[in-house]
Amino acid sequence: MPKMKSRSCARKRFEITANGHLKRKKAYKSHILNKKSRKRKRNLRKTTLIFKGVEKKLRTMIEV
């Protein structure tokens, strides 16, 4: 039986933290930035953890 491949798109977008959770970047930081406040753009720079309901699906995509 052939090896299972991980989804390379998911592999590039998500990271696993030391505690085993999944980390992602926030959206809405790519364009139309002049109408967004400094505070909002600063907070969009930070990473956040993935919702537990979706985390299980993403794990199967990332881990081989």
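Read the figures in this text as sums done on the coordinates, not as results from a lab. Small disclaimer: the values here were computed from a predicted structure and weren't measured. Glycine also receives a Cβ, built like all others from the backbone with ideal geometry; neighbour counts cover every protein chain displayed.
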Query raised in the report: Using the Cα atoms of the chain to build a convex hull, what is its mean projected area in square nanometres?
Result: 5.8 nm²
Query raised in the report: Hey, rough spin-label estimate for LYS29 and ALA10, points 7 angstrom out along Cα→Cβ, what's it come to in nanometres?
Result: 2.3 nm
Query raised in the report: Out of LEU22, LEU44, LEU33, any idea which swings most in a Gaussian network model of the chain, alpha carbons joined below 10 Å?
Result: LEU33
Report task. Name the residue, out of LYS52, LYS26, LYS39, whose mean-square fluctuation peaks in a Gaussian network model built on the chain with Cα pairs under 10 Å. Result -> LYS39
